[in-house]
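The structure appears below as structure tokens.
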Amino acid sequence: MIAEIGLAALWLAAALAVLQLVSGALTLRAGPGQTNPLAIYARPAAVVQAFLAVLAFLLLLRAFAVTDLSLKLVATNSHSMKPFIYKLTGTWGNHEGSMLLWVGVLAASGGMLAAFERRLPERTMAATLAVQGFVALGFYAFLLLSSNPFERLAVPAAEGNGLNPLLQDIGLAIHPPTLYAGYVGLSVAFSLAMGALLTREVNPAFARVMRPWVLGAWVLLTLGITAGSYWAYYELGWGGWWFWDPVENASLMPWLAATALMHSVSVLAARDALRTWTIMLGVLAFSMSMLGTFLVRSGVLTSVHAFAVDPERGAFILGLLGLYIGGALTIFALRAGAVAEGKRFAAASREGALVFNNVMLSAILAIVLLGTLYPLLTEAFDVRVSVGPPYFNPAGAIFAVPMLLVMAVGPLLRWKSDKPARIQFELALIAALVIGVIALVSFFGQFPLLPLLGLGLAAALGVAAFLPLRGRTLARVPVATWGMVIAHFGIAVSLFGMACEGAFSEERLAAVAPGGTEQIGDFAVTLEAVTPIAGPNWTAMEARLAVRQNGGEPVILTPQARSFWSPPQSTSESALLTKWNGQLYAVIGNQAEDGRWQVRVWWKPFVTFIWYGGLLIGLGGILSIVGRMRVDLKRRAASTMGAQRRADVEALGAAAPQPAE
Amino acid sequence: MRKLTLWLPLALFAFFAGLAAYMLTQEKDQFVESTMIGQPLPAFALDPAFDGLPGASRADFTGRPKLLNIWASWCLPCIAEAPQLEALQKQGVEIIGIAIRDKPADVAGFLARYGNPYARIGSDRISEVQLAIGSSGVPETFVIDGKGVIRYQHIGDIGAEDVPTLLAELEKAQ
Amino acid sequence: MIRWLFAVLLTVLALPLAAQDSMPPAPYAYNQLADPRLEAEASALMHTLRCLKCQSQSIADSDAPMAGDMRHQVRARILAGESPEAIRRWLIARYGDYVSYEPEVSSTTWPLFAVPLLVILIVAGVLLRRLGKRRSDGDDAGAAA
């Protein structure tokens, strides 16, 4: 019964999406001064729809929690013996469940937009809600017509098939929903951009409405990618944290577009410039998140971890992609010419730097997109090629290096027009740091070019991030400015981690007999014993490694080689020793015939900074949202008070001279 | 000019959508084909995979065209193709096997259970010859002509319907 | 979505061949070369070679037996004095461009190199147009660029 309620809720939500679309569109069609009787339904439809879609998701969550094996989805993806937390997270560890989560978040955002956003002109709001309803409708259709999560089995299964062991991990519990929420946030930004374009309201007021959605989506994408990268690092057992795999690129591309959009929308809000560019990026960011979903689920690209691959679903998503993105780009081509260019600015100005970096981000996006899709193009001609790190790293760096340099300087410049001579001390400092650090590191040894550049840029950026605070009273610096400072510093921290990992990592692979010791860096790693152990749904060989740094007290690490039995699969659980200046990464492999064990150990200096940096970037984004919201709320309160006072004065003025009857 | 550039994103997107739609209709090719077709076999000399048959070397590929079968006793599709290999052998085809990462006892056991169509089997413990001829898995079957040149590659297990193809390729390699 | 359900397809692909061989790995599959300089060369090369079995991983990141055998080939050849580029060419001669993550300019890969050059030109063009000319005018909103 529960499942049927869920399905009914989804159908009702879909019907409401139609109402929202029609009502929004009719508002748009009505001439000035006229009101269509149906126009009032758009907002309530969005709000009720949000409740229904979230309800449907909660009902599926319940089905997974109690392992309702009469549901096909639960039977194929869960197992009664699985730990409870992974029963819950298994809800979105499959195609149907994750799509339901997606529409749940989409409807919830639409509901929030409809319920709380009162700043936009009513016509723009109606257009936005119509687009939002249209987008949601496509996903409802996808769920209901081709991926029904509530499908029953004729005969309930006796036991479920279990969840892929790699997904039975807390990192994977957090990472996909975070990314989805980010994608959905970009869809709201997309709806707003289309709404503004359709009603010719591309202006700072619209940008201020769009900004928190873009910032929010961007924060979620940042955190999602950070979590996913760390998960791949500790779970895959070889110490890699980014592989330039198509599926990873699929999550990076929306982030690049969102980063550009976020900066562009700030310029629009503050300076009323970059109007067309902001709309274009709004469309692009959402396109990239749709494209990511398509690549991951359609299986057109050879990726080992293509998710729930099914060409039929791929065709459906491609159809949606064509409808939304094709439609949006057509409207863009027809309407954008009529959007005025906005205010002008000089090359040496805050806007100038932002435009430069926007273009650089777009260029990096183009490179990643090309490298990711190129194998698809050649396969159409039956030629198979591989594009990997040796392509992406240098090609991306061509644009990333100038971008990072401008990023160090940009926040120091004034809006509209500035003289570089005014900040010559800062410029000299940044240049000295880049050159000095590179020279210093090169003095100590031979390192690859890119990590070397990374170290120099990270040092310069780390200092430059705080330069905007120079000469200001810290207590009076706006929260949003702190957000920018911390986010930019996070980039420096992350870059530092990447460069150190690339330049200074040490690797030790060896066959070790119990009792044997291997040396790596300052650490002596002794294999004390290997013992079999059992978990709730797996058995494992667990190694006891005693790690001594410079002959000090030993720390015990216990990497495992796990064998899950449902589904049957083995994983290697790495063991990490985290120090402030890096991580020791240990993995146990197979036993050789002579009784020795394969042990793999890495010392990765400052590798953790990659993800600390990611968290700082996210924190910076959150501070920006909070800061902007506080300013907006204050401004709104002030304007309502002003209006109130004017009304009072008018009422007084109107009342006073009235002669008594 | 500006009018035209505004249409550019749509054009790029349309190109991608068309390509993606086309690729969705195509059968996904999971195999990596050898680019050694038309090239001579590299030199190799492998020890016998078990006591019952001689080992294999480059020098064995003279005279008539022969089949070079890359297989392993631990590979399940190899069991499926065993009857087809026997059928080919019955029609007079000489099959030289290379057992990948295999043990003599396992090889002997496999042949005892599923039949032995091979004239020789070399033991490739570290996939050396397999890599040298551009084979990316087991089972794979190559047609080698009398001069030792690789003429054709069949990837995956040989089904009954593949037997005539292989015979025709052997004929072509004469 | 990074790498998640990585193993779904891996299991699907591997299931027909689920039976693993019981042979010990090749000598250099899991063991480093004694000379750190040679090992660094081998390691750099291995990170740019694609595992043929696992499809979307480099041979330096894979537990597949065939990846181990490929690592052995790489280390053994480096030890024998071959240059990394010679080994890469040797593999490309056998498996085509697919085996190398480092595309080389060829009749099938030239757009990978032409497009970034084009992007540089477009970027330069856009920046020159938007930022190149010193604009004397101030806030004359409404004028198209």
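Any read-out appearing in this document is the output of simple, stated calculations on the displayed coordinates, not a laboratory observation. Quantities reported herein were computed from a predicted structural model and do not represent experimental measurements. Here Cβ is always computed from backbone atoms with ideal geometry, including for glycine, and neighbour counts include all displayed protein chains.
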Assertion target for A:Met81, A:Met360, ordered by fewest C-beta neighbours within 10 angstrom first, is A:Met81, A:Met360
Considering every residue in A:371-378, what mean count of other chain Cβ atoms within 10 Å of its Cβ is obtained? 4
Using θ = phi - 60° and the Karplus relation 6.51 cos²θ - 1.76 cosθ + 1.60, list the HN-Hα couplings for the range A:542-558 in order, rounded to whole Hz, with x at every Gly or Pro. 10, 9, 9, 10, 9, 10, 10, 9, 6, x, x, 5, x, 10, 8, 10, 10
Set B:Lys90/B:Lys147; A:Lys343/A:Lys419; A:Lys87/A:Lys604; A:Lys343/B:Lys3; B:Lys147/C:Lys53, cut-off 27 Å on Cα-Cα distance; pairs above it are A:Lys87/A:Lys604; B:Lys147/C:Lys53
So for the range A:142-296, what percent of the C-alpha to C-alpha distances run longer than 19 Å? 60 percent
Gain in span if fully extended, A:Ser146 to A:Leu615, counting 0.36 nm per residue against the direct Cα distance: 165.1 nm
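Between A:Arg414 and A:Met629, what FRET efficiency comes out of the Förster formula 1/(1 + (r/R0)^6) with R0 = 25 Å and r the beta carbon distance, rounded to 0.05?
That gives a FRET efficiency of 0.45.
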Would you order B:His154, A:His263 from fewest to most other beta-carbon atoms within 10 Å of each residue's own beta-carbon? B:His154, A:His263
In whole angstrom, how long is each semi-axis of the equivalent ellipsoid of the range A:246-387, when you take the square root of 5 times every eigenvalue of its Cα gyration tensor and sort them from largest down? 32, 17, 12
What translational diffusion coefficient, to the nearest whole µm²/s, does the range A:29-178 have by Stokes-Einstein, given a Kirkwood radius computed over alpha-carbon pairs, a temperature of 37 °C and 0.692 mPa s viscosity? 193 µm²/s
Restricting to DSSP H runs of at least four residues, report the calculated mean residue ellipticity at 222 nm for chain A, -39500 (n - 2.57) per run over all residues, nearest 500 deg cm²/dmol. -21500 deg cm²/dmol
re the protein assembly as shown: pairs of Cα atoms spaced beyond 54 Å account for a percent value of 21 percent
Using packing as a proxy for protection, rank A:334-344, B:124-134, A:472-482 so that the peptide with the highest average count of other Cβ atoms within 10 Å comes first. B:124-134, A:334-344, A:472-482
How large are Rg and Dmax for the range B:1-108 when calculated on the C-alpha trace, in angstrom? 24.2, 78
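Between A:Asn550 and C:Leu38, what's the calculated FRET efficiency when r is the beta-carbon distance and R0 is 25 Å? Round to 0.05.
My answer for the efficiency is 0.35.
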Apply the Karplus parameterisation 6.51 cos²θ - 1.76 cosθ + 1.60, with θ equal to phi minus 60°, to every residue of the range A:123-140 and state each ³J(HN,Hα) to the nearest whole Hz, in sequence, with x for glycine and proline. 5, 5, 4, 4, 5, 4, 5, 5, 5, 4, x, 5, 4, 4, 4, x, 6, 4
Once whole DSSP H runs in chain B are found, which of them have Cα atoms spread over 18 Å or more along the helix axis and a mean Kyte-Doolittle score of at least -0.5? B:2-25, B:76-90
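Give me the percent of DSSP beta bridges within the protein assembly as shown that run antiparallel, rounded to the nearest 5.
85 percent
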For the range A:433-520, compute Rg over Rh where Rg is the Cα radius of gyration and Rh is the Kirkwood radius from the inverse mean 1/r over Cα pairs. 1.22
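With Kirkwood's inverse mean 1/r over C-alpha pairs for Rh, give me the Rg to Rh ratio of the range A:487-634, two decimals please.
Details: Rg = 20.1 Å, Rh = 17.5 Å.
Answer for the range A:487-634: 1.15.
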Through the Karplus equation 6.51 cos²θ - 1.76 cosθ + 1.60, θ set to phi - 60°, convert the phi angles of the range B:119-134 into ³J(HN,Hα) values in whole Hz; use x for Gly and Pro. 8, 8, 9, x, 9, 10, 6, 10, 6, 5, 5, 4, 5, 5, 9, x
To the nearest 10 degrees, how steep is helix A:311-321 against the longest Cα principal axis of chain A, on a 0 to 90 scale? 40 degrees
Report the far tail of the P(r) of the range B:45-172, meaning the percent of Cα-Cα pairs longer than 18 Å. 46 percent
Alpha-carbon Rg/Rh ratio, for the range A:403-461, with Rh computed the Kirkwood way: 1.08
